[in-house]
Amino acid sequence: MTTHPGSAFAGLLAPAQEFGDLLRKDFPILQRVLHDEKPLIYLDNAATSQKPRQVLDALNAYYERHNANVHRGVHVLAEEATALYEGARDKVAAFINAPSRDEVIFTKNASESLNLVANMLAWADEPYRVDADAEIVITEMEHHSNIVPWQLLSQRTGAKLKWFGLTDEGRLDLSNIDELITEKTKIVSFTLVSNLMGTVNPVEQIVRKAQSVGALVLIDASQAAPHMVLDVQALEADFVAFTGHKMLAPTGIGVLWGRQELLEDLPPFLGGGEMIETVTMGSSTYAPAPHKFEAGTPPIAQAVGLGAAIDYLTNIGMDKIAAHEHTLTEYAVTRLQEVPELRIIGPRTAVDRGAAISFVLGDIHPHDVGQVLDEQGIAVRVGHHCARPVCLRYGIPATTRASFYLYSTPSDVDALIDGLQHVRNFFG
Amino acid sequence: MTTHPGSAFAGLLAPAQEFGDLLRKDFPILQRVLHDEKPLIYLDNAATSQKPRQVLDALNAYYERHNANVHRGVHVLAEEATALYEGARDKVAAFINAPSRDEVIFTKNASESLNLVANMLAWADEPYRVDADAEIVITEMEHHSNIVPWQLLSQRTGAKLKWFGLTDEGRLDLSNIDELITEKTKIVSFTLVSNLMGTVNPVEQIVRKAQSVGALVLIDASQAAPHMVLDVQALEADFVAFTGHKMLAPTGIGVLWGRQELLEDLPPFLGGGEMIETVTMGSSTYAPAPHKFEAGTPPIAQAVGLGAAIDYLTNIGMDKIAAHEHTLTEYAVTRLQEVPELRIIGPRTAVDRGAAISFVLGDIHPHDVGQVLDEQGIAVRVGHHCARPVCLRYGIPATTRASFYLYSTPSDVDALIDGLQHVRNFFG
Amino acid sequence: MKLDSMYQDIILDHYRNPHGKGLRDGDVEVHHVNPTCGDEITLRVRLDGPVVADVSYESQGCSISQASASVLNDLVVGKNVGDAQAVQEAFLELMQSKGTSEGDEEVLEDAVAFAGVSKFPARVKCALLSWMAWKDATAKALAQQPAVND
Amino acid sequence: MKLDSMYQDIILDHYRNPHGKGLRDGDVEVHHVNPTCGDEITLRVRLDGPVVADVSYESQGCSISQASASVLNDLVVGKNVGDAQAVQEAFLELMQSKGTSEGDEEVLEDAVAFAGVSKFPARVKCALLSWMAWKDATAKALAQQPAVND
Ligand SMILES: Cc1ncc(COP(=O)(O)O)c(C=O)c1O
Ligand SMILES: Cc1ncc(COP(=O)(O)O)c(C=O)c1O
């Protein structure tokens, strides 16, 4: 790590380095060495996180000792697998401070969770049903997974889709909130943290407004759950969605939390085994939530892996992780702005922002930036990050995004800065 | 293994024992010892299969060396992860003899695959659209996952749901096929192998009839793909669904194969990242299949695991596996019928049947049968096996089901028979 | 053997000779299902003022669920609703004890034999099926009664 | 360094000074997008009988996709459509070679510099974007032409 004597970070960087260095020992992939002996510097955490040994051990233990289908067996393995799967639900419920474990639905990813809500509302009875008179409100900084489901719903029901725009600083423009959220609004769905810009959104103001018109609120916490304390009761939302692979868990597992009364009232989405109470050829009745929304054999091992990831995160402490990332973000936004011709897309300070930082570097295309960084062992993401409207809004084709996590360190930031200098020289 | 000198199996049992004994070395869980030193005898394969070391190794290698989000990165890990994920698609395509790899869609399980088709048809344009004039045909032996999606579709569109009944022998009653499948039929969806009775269905006759009226055909191959050569071109269906966890792969991965022209014409289901071509706030266009149907971060590691499972199965040979299971099934149906008061539900011979065998034992409830077998280390499934209409049809509340796989052996069958004698004594 | 702790003789006796089985007149009828295994019960409750006058039922299920319905019948018929509800709660607590409780024989009588079942999570629902049906039916029957004291 | 095999000087030169960039008159206009990264190209083709009279384009993308459009312009303008299509096919083949082919310099001229790109699966689409757009536009332009020989 470059030491900046006398800089504002002087006392913070050494502990942050130690924090990250200690944790990365748990992550086998971070020991990897790439082309020409370059150690891997993984700064693509907003796309997906790496997995600690502890999560892989939980997966292996599940498959090597307990694997069985859940819920329907009297044999030992089936009982153990069910206990592990349902135990993971308890862990998720505790992690997000859910009032009840039955409010935690396992899906395959955040995208399914978001689509699940859109589809519930398509087939719901009044007062929830989204029809041609209804309005849906999202924002211009959503991930495609929180845009396309609403476009589909709007096309298929005739409901009107509206959205909050963005300020030049990469924040939500709430100036027209009263025109956007009205008596016609059935649902307001927005991200807690932007995956492209890192912006942390003002939940309370939006939730208050939505509540005042009786609209439901869905919060996409995909970029929040891995990085900060998530308390669904404090958020006061109706639904919260997130995805396991970004928070140290396996791929193939997501979560939808929803308020119990809503989960009782709303219709099922996918039909099949596990989600029924009784079936005849003519008609079926459904099991209570969460099972009503979990058709078929669930991602059992992946839920168990998510439980292990939550144990790992909780042992460290989400507040400590957030503080660590805040230090890194502050250091990174400062140092990045020392790079000539570099323009940050999104907040230029560490206030109300997460650890994903997008930027453009002069007129060097992000693909080229990413390629030259890769050659130095630095993994960043380039492109529109599944949030193309943000690129359109700021008149850029794409960005380079560096995103940090608990195992990131100040020396990763330094390597990124050096790498960007190298990119400039290469295309200079 | 009990030797039955002079029995029809004399020459077959020893090789079958050897075949299974050799393979089970690859399965860590099968080394497990349960209560009071009872070795695990796992006869619940129709619910889910166990995983060989080779599949776990592939998962670990993925997470320890290559894990990244797919399709959108220029860094090494993203390229490797993408190559592994798309390589798994190639393996599935070859395994089922798909004309094109782009016809292979990854889902989370067979239930999602089946729901995917039902939802495509709900939102499709003519001629595929299922509306109030349409009819849907299924069978009375379907898994709930191939019943409930159609009930939901029928409730939501007004389409009429019809089904083939069952004969006393546990076969489809095709006598009224001309009344069931008519010009109004938009889709015929049925299982290739019954998960409760093991019945193998006469695909050709149903497909011919469906083709003659221009109806689409969806085949639920969940109980077929793990056990026999599956050739989607030979089946001549339009869609084929199956699930990874029953064929040595991880939980959390399923497959839908569909004919390319249909996948082009039919609308998307889940919306989000990965499935788009270009997105603006107002509207989006979609990527070509298979991506169009894979919203969000896919089950990457699970697809890689499915690829490894397919390698494992293919190395042995699906024909050898089928032959092995046929020997076991023949032996099992014969020996089971020696148990007093035991009644097989479904075909009582090994002709046109798979290796799942359901039965009732006098008036001892299957729960009690399963519990006492479990005490002896024998894992069977009890209940309605997500196919409650079959139980209703045969006037029974539930069955006990023993189901075999490549690592099962004649001595497993012997243990089951001894176990059932013990059950009878216990409740005698 | 672990199994013996589940299949106590008392349980097997009730299973073989269930008490009060069959449907008779009642104020309320409910139908409960165990979605996990498909076990079903149709249960009727007849109240006589504050007293549980009869509990009659038709059911389909394993030895545990059959025996439990029989024990239920023994324990609640003839009791004041309030006392019967206390028994029901004690039974629920026992079943949720995961093998850590032996049950209070004063309150639960024969039902303490189910203590061993609580160690088998998949079977707890079997033991509870009839009790949950009774709880539901009783609540409905009470709701139908003319309000007396408030 | 592996990177040099991708960023050949020829490629960087074309990237810095793209040939034929800008939109001019054409018979057909197409718009292609690389969904993976959002690169876009608007491309027009003008045919003069059997000859590719002009290929003009506006595009947004990385050095590889920009350079590739420039090289495309060099290679196809002035050629007979049939010959130009042969070049396109040779380029496609080179890009799909995963680093195993060096390309035929007789046919591909400057475009052989892209051989190194074929080792980077994520960038192959960048190199192909303009060529696929050209292929599409040319097919459409041909379809518009009055049938001559059949
Ligand atoms: C015939 C059949 N179809 C569908 C399914 C559903 O598969 P999954 O639970 O993996 O979605 C199963 C297994 O549970 C099955 O046996
Ligand atoms: C803000 C946000 N929402 C939704 C998603 C979708 O998550 P997944 O791809 O796991 O479905 C992502 C990540 O890709 C995201 O960053």
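The values are calculated or read from the model by the stated rules, or taken from the named source; none is laboratory data. On a predicted model such as this, the values are computed, not experimentally measured, just so you know. Glycine gets a Cβ as well: all are built from the backbone with ideal geometry, and neighbour counts include every protein chain shown.
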Quiz item: How many residues does segment D:1-17 hold that are within 13 Å of chain A (Cβ to nearest Cβ) and in contact with a Ser or Thr (Cβ under 6 Å, 6 or more places away or on another chain)?
Solution: 1
Quiz item: Is it the case that B:Glu330 is part of a loop (DSSP other than H, G, I, E, B), more than 16 Å from ligand 1 (Cβ to nearest atom) and among the acidic types (Asp, Glu)?
Solution: no
Quiz item: Within segment B:378-428, how many residues turn out to be among the hydroxyl-bearing types (Ser, Thr, Tyr) and either at pLDDT below 95 or in a helix (DSSP H, G or I) (or both)?
Solution: 1
Exercise. Kindly provide the set of residues from segment A:110-129 that are away from ligand 2 (no atom under 16 Å from the Cβ) and either in a helix (DSSP H, G or I) or within 14 Å of chain B (Cβ to nearest Cβ) (or both), ordered by number.
Key: A:Met120, A:Leu121, A:Ala122, A:Trp123, A:Ala124, A:Asp125, A:Arg129
Quiz prompt | Filter result for B:Asp36 (farther than 26 Å from A:Pro28 by Cβ, free of Cβ contacts under 8 Å to residues at least 60 places away in the same chain and away from ligand 1 (no atom under 16 Å from the Cβ)) | solution = yes
Quiz item: Which one is nearest to A:Ile136 (Cα to Cα) among residues in segment A:176-186 that are touching a helix residue (DSSP H, G or I) at 6+ places or on another chain (Cβ under 6 Å) and not in a loop (DSSP other than H, G, I, E, B)?
Solution: A:Thr185
Practice problem: Test each condition in (1) within 14 Å of chain A (Cβ to nearest Cβ); (2) β-branched (Val, Ile, Thr); (3) surrounded by fewer than 24 Cβ atoms within 10 Å (Cβ to Cβ) for B:Ile96 and report the one that comes out false. | Solution: (1)
Quiz item: Looking only at segment B:316-361, which residues are more than 17 Å from B:Asp44 (Cβ to Cβ), of a type in the set (Asp, Glu) and under 18 Å from the mean Cα position of the chain (by Cα)?
Solution: B:Asp319, B:Asp352
Quiz prompt | Check on A:Asp220, among the acidic types (Asp, Glu), buried (at least 24 other Cβ atoms within 10 Å of the Cβ) and within 27 Å of A:Pro298 (Cα to Cα) | solution = yes
Quiz item: Restricting attention to segment A:246-259, does a residue exist that is aliphatic (A, V, I, L, M), farther than 14 Å from A:Phe95 by Cα, at the interface with another protein chain (Cβ under 8 Å from one of its Cβ atoms) and in contact with a Pro (Cβ under 8 Å, 6 or more places away or on another chain)?
Solution: yes
Exercise. Scan segment B:135-149 and give yes if some residue there is buried (at least 24 other Cβ atoms within 10 Å of the Cβ) and without any contact (Cβ under 8 Å) to a residue 40 or more places away in the chain, otherwise no.
Key: yes
Quiz item: For segment A:224-278, how many residues meet the condition of being more than 24 Å from A:Ala210 (Cα to Cα) and within 12 Å of ligand 2 (Cβ to nearest atom)?
Solution: 13
Quiz item: Across segment B:58-78, which residue is farthest from the chain's Cα centre (by Cα) among those that are surrounded by fewer than 22 Cβ atoms within 10 Å (Cβ to Cβ) and facing chain A (nearest Cβ under 9 Å)?
Solution: B:Val76
Quiz item: Among the candidates B:Thr139, B:Thr191, B:Thr107, B:Thr167, which residue alone is within 16 Å of ligand 2 (Cβ to nearest atom) and within 25 Å of the chain's Cα centre (by Cα)?
Solution: B:Thr107
Exercise. Could you list all residues from segment C:115-127 that are of a type in the set (A, V, I, L, M, F, W, C), within 14 Å of another protein chain (Cβ to nearest Cβ) and part of a helix (DSSP H, G or I)?
Key: C:Val117, C:Ala122, C:Val124, C:Cys126, C:Ala127
Exercise. Could you tell me which numbered condition B:Phe19 fails, if it satisfies all but one of (1) within 16 Å of ligand 2 (Cβ to nearest atom); (2) not assigned by TED's automatic domain parsing to the domain that holds B:Ala287?
Key: (1)
Practice problem: Could you grab me the full set of residues in segment B:231-250 that are away from ligand 1 (no atom under 16 Å from the Cβ) and of a type outside the set (Asp, Glu)? | Solution: B:Val232, B:Gln233, B:Ala234
Practice problem: Scan segment B:32-52 for residues that are in a helix (DSSP H, G or I) and more than 9 Å from chain A (Cβ to nearest Cβ) and report the count. | Solution: 2
Quiz item: How about segment C:10-28: which of its residues are crowded, with 18+ Cβ neighbours inside 10 Å and not in a helix (DSSP H, G or I)?
Solution: C:Pro18, C:Gly26, C:Asp27, C:Val28
Quiz item: Which one of the conditions (1) more than 16 Å from ligand 1 (Cβ to nearest atom); (2) in a loop (DSSP other than H, G, I, E, B) does A:Ile321 fail to meet, given that it meets all the rest?
Solution: (2)
Quiz item: Within segment B:375-401, how many residues turn out to be facing another protein chain (nearest Cβ under 8 Å) and either basic (Lys, Arg) or within 16 Å of ligand 2 (Cβ to nearest atom) (or both)?
Solution: 2
Self-check item: Members of segment B:79-93 found to be within 10 Å of chain A (Cβ to nearest Cβ) and at pLDDT 95 or above, listed by number
Solution: B:Ala81, B:Tyr85
Quiz item: Just wondering, is there one or more residues in segment A:352-362 that are over 21 Å from D:Met6 (Cα atoms), away from chain D (no Cβ under 14 Å) and surrounded by fewer than 20 Cβ atoms within 10 Å (Cβ to Cβ)?
Solution: yes
Practice problem: Select from segment A:251-281 the residues that are away from ligand 1 (no atom under 16 Å from the Cβ), more than 19 Å from B:Ala118 (Cβ to Cβ) and part of a loop (DSSP other than H, G, I, E, B) and list them in ascending order. | Solution: A:Thr251, A:Arg259
Practice problem: Answer yes if at least one residue in segment B:275-288 is facing chain A (nearest Cβ under 8 Å) and under 27 Å from the mean Cα position of the chain (by Cα), and no otherwise. | Solution: yes
